[in-house]
Protein chains: 2
Amino acid sequence: MSKIPQQLIKLANKCADASGKIIKKYFRKKIKINLKKDNTPFTKADIEAEKIIRELILKQEPNCGFVGEETGSINMNREYCWVVDPLDGTKSFITGKPSFGTLIGLLKNNKPVLGILNQPILNERWVGIAGVETKYNNKKVRVRKCKSIKGAKMYATSPMMFQGRNKKIYKNVRAKIGECLFGADCYSHGLMSLGFVDVILEANLKPWDYIASASIISGAGGKITDWNDNDLNLQSDGRILATGDSNIHKQIIKIIQK
Amino acid sequence: MSKIPQQLIKLANKCADASGKIIKKYFRKKIKINLKKDNTPFTKADIEAEKIIRELILKQEPNCGFVGEETGSINMNREYCWVVDPLDGTKSFITGKPSFGTLIGLLKNNKPVLGILNQPILNERWVGIAGVETKYNNKKVRVRKCKSIKGAKMYATSPMMFQGRNKKIYKNVRAKIGECLFGADCYSHGLMSLGFVDVILEANLKPWDYIASASIISGAGGKITDWNDNDLNLQSDGRILATGDSNIHKQIIKIIQK
């Protein structure tokens, strides 16, 4: 039984419906690409999708906090705080590749308790809820066992995400892993919960990139922490390790900390 | 008007229909993954999809040659020769990511004249025919102009594909390009024909990876050659440059040959 109120789960799904409609409208249309200060791109789709999510949440649950990639933070210390990436994988989106997704996460006392990953073009939705099994399009899903790190399939968004000391760690992990693939954005988190991906290693993530996924992966039986094996929250440093099999998680944490 | 017989176009589509059904059947099912001598994976889906394509072609057009990734080559020197990758992007396929595709190409006197890229899960099909505009799900499509190499969006399957001297060249190109993304397999060729990707740079491709795409990209107004700016055929060395804008092509060839 879920420990979080039904109306919050309903609200999260409503936000995914509404943002999905907006993103669909702009997908593969010739829209302007703007650049943020850190040189990452954003579009009307990112902005409008977050705007509708923020409006829906603050209208129905004005006491909740909100952290959004595009529109910033308010009341982050409230009991419940929403953490939203309206369009994770904007670079994929603007090249027409439907591996991007909308991430709607919820923290209770700074712990992830709810997460939605919505892929509006492929009509795929993952819902992870604390204490309940993760569902993919309304069907329960489960990570898979992985016998050996050598046979593991790993995803990272891009090898260029790892710089400095992180690059060395990434190379150490990659050297042990069977296969390393790139370019699946948050979609790789969904694939892990379905039992098709064993390891996800990322650096430089922001809370809106991992809070929603934390509930999805945990609820499917996987393990997701920072590189020091700590649970994730708003203050995590953005270096994330997710695995389907917890034995593999232990082994990779060892490699990271060598 | 197409210069190649209508029955060959129909046959190519029939092969895409038949192989698509097989691939759909195995997608996201727990099937055995086998390894070839070069350590690349294959599955029942790869084998059965190529088998049905080969059977359909050799039954209807026994005088044609055939080159298949999985089942080998016969009569490669005939006027018409089919070049088939039943499942380009097997690594994506086995992780559940629908960026893979079936590539069905046709050479006439060793020149690419027909290409189909079929994505059976997303129900997307590109058809490129010499002398005719490329179609995506039956609608004509066109590459886009790209003003500057700095603003270009590039795809490569994986940065690990570039080794030795090729790695140096890849790094030189990447240093000039606005954005470099990974992991879209042959799907990136389709996205280029739709006008959302500007550059594709690949090394180590085999004929079944590029013959079908050659017709799709050319027919949408793009340019695809080897790294020496030569047209593609069965003997190309597998180092491929495709661009939507031919000015960008010239500029990148210069960087490659520096």
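Name the shape class, rounded, prolate or oblate, that the alpha-carbon gyration tensor gives for segment B:6-140, where a ≥ b ≥ c are the square roots of its eigenvalues, rounded holds for a/c under 1.5, and otherwise prolate holds if a/b is larger than b/c and oblate otherwise. Cα axes put segment B:6-140 in the oblate bin. Take each residue in B:176-186, count the other chain C-beta atoms within 10 Å of its C-beta, and the mean is 5. Computed from Cα positions, the angle between helix A:44-60 and the longest principal axis of chain A comes to roughly 70 degrees. The listed residues B:Glu179, B:Glu133 rank as B:Glu133, B:Glu179 when sorted by accessible area, largest first, using a 1.4 Å probe. Rounded to the nearest 10 degrees, the inclination of helix A:165-176 to the longest alpha-carbon principal axis of chain A is 60 degrees.
Straight-line cross-link reach from B:Lys147 at under 19 Å between alpha-carbon atoms covers these aspartates and glutamates, not counting any fewer than eight positions away in the same chain: B:Glu179, B:Asp198, B:Asp245. Position A:Met161: other-copy label points at 2.0 nm, ordered by increasing distance, label point 7 Å along Cα→C-beta. In a reduced charge model with +1 at each Lys and Arg Cβ and -1 at each Asp and Glu Cβ, segment B:75-223 shows a dipole moment near 640 debye about its Cα centre.
Remark: accessible area buried at the A-B interface is about 2600 Å², both chains counted, probe radius 1.4 Å. Bridges between two residues of segment A:115-258, per DSSP, are antiparallel at a rate of about 75%.
Of the Cα atoms belonging to the protein assembly as shown, the radius of gyration and Dmax stand at 23.1, 74 Å. In a simple Cβ point-charge model (Lys, Arg +1; Asp, Glu -1; nothing else charged), segment A:149-257 has a dipole of about 520 debye relative to its Cα centre. Amide H to amide H, with H built 1.01 Å from N, A:Leu87 comes under 5 Å of A:Leu103, counting only residues 5 or more places away or on other chains. Chain A holds its axis-closest Cβ, relative to the rotation onto B, at the residue and whole-Å distance A:Gly183, 1. With both labels modelled 7 Å from their Cα along Cα-to-Cβ, the B:Asp17 to A:Lys29 distance reads 3.5 nm.
Extending 7 Å from the Cα toward the beta-carbon at both B:Asn230 and B:Ser158 defines two label points whose distance is 2.8 nm. Copy-to-copy label distances for A:Gln235, where each label lies 7 Å from Cα along Cα-to-Cβ, are 6.7 nm in order of increasing length. Between the alpha-carbon centres of segment B:136-193 and segment A:1-70 there is a gap of 29 Å. Computed over protein heavy atoms with a 1.4 Å probe, the accessible surface of chain B works out to 43 Å² per residue.
For chain B, what is the relative contact order in percent, using Cα pairs closer than 8 Å and at least 6 residues apart in sequence?
Relative CO of chain B lands at 17 percent.
Counting only DSSP beta bridges whose two residues both lie in segment B:48-101, roughly 50 percent are antiparallel.
The string of couplings for segment B:230-236 from the Karplus curve (6.51, -1.76, 1.60, θ = phi - 60°) is 8, 4, 8, 7, 4, 8, 4 Hz, one whole number per residue in order, with x for Gly and Pro.
Averaged over the residues of peptide B:154-161, the number of Cβ atoms from other protein chains lying within 10 Å of each residue's Cβ is 3. When a 1.4 Å probe is rolled over the protein heavy atoms, the share of accessible surface on the protein assembly as shown that falls to carbon and sulfur comes to 49 percent. Against the criterion of solvent-accessible heavy-atom surface with a 1.4 angstrom probe, B:Ile121, B:Ile211 sort, most first, into B:Ile121, B:Ile211.
Starting from the residue with the highest accessible area, list B:Met192, B:Met161 in decreasing order, probe 1.4 Å.
B:Met161, B:Met192
Between A:Ala175 and B:Glu79, the simple spin-label model (points 7 angstrom out along Cα→Cβ) gives 5.8 nm. Under the classification rounded if a/c is under 1.5, otherwise prolate if a/b is larger than b/c and oblate if not, where does segment A:149-257 fall, given a ≥ b ≥ c as square roots of the Cα gyration tensor eigenvalues? Verdict is rounded for segment A:149-257. Pairs with C-alpha atoms separated by more than 32 Å, drawn from the list B:Lys51/B:Lys167; A:Lys32/B:Lys29; A:Lys111/B:Lys29; B:Lys14/B:Lys97; A:Lys206/B:Lys21; A:Lys3/B:Lys32, are B:Lys51/B:Lys167; A:Lys32/B:Lys29; A:Lys111/B:Lys29; A:Lys206/B:Lys21; A:Lys3/B:Lys32.
Expressed as an acute angle from 0 to 90° and rounded to the nearest 10, what is the orientation of the C-alpha long axis of helix B:6-26 relative to the principal long axis of chain B? The two axes meet at around 90 degrees. What 222 nm value per residue comes from the helices of the protein assembly as shown, counting each DSSP H run with n ≥ 4 as -39,500 (n - 2.57) and dividing by all residues, nearest 500 deg cm²/dmol? For the protein assembly as shown, the value works out to -10500 deg cm²/dmol. Less than 5 angstrom separates the built amide H of B:Ala130 from those of B:Leu114, all sequence-distant by 5 or more or on a different chain.
Find the relative contact order for segment A:6-140 and round it to a whole percent, using C-alpha pairs within less than 8 Å whose residues are 6+ positions apart. Let's see the in-between values first.
On the way: 250 pairs, mean separation 25.3, N = 135.
19 percent.
Each other copy holds its own label point for A:Lys206; taking that point as 7 Å from Cα along Cα to Cβ, the gaps run 4.3 nm, nearest first.
The values are calculated or read from the model by the stated rules, or taken from the named source; none is laboratory data. Quantities reported herein were computed from a predicted structural model and do not represent experimental measurements. Virtual Cβ from ideal backbone geometry, glycine too; neighbours counted across all protein chains shown. Accessible surface is based on the protein model in full, side chains and every heavy atom, while ligands, DNA and RNA are left aside. Shrake-Rupley method; radii C 1.70, N 1.55, O 1.52, S 1.80 Å.
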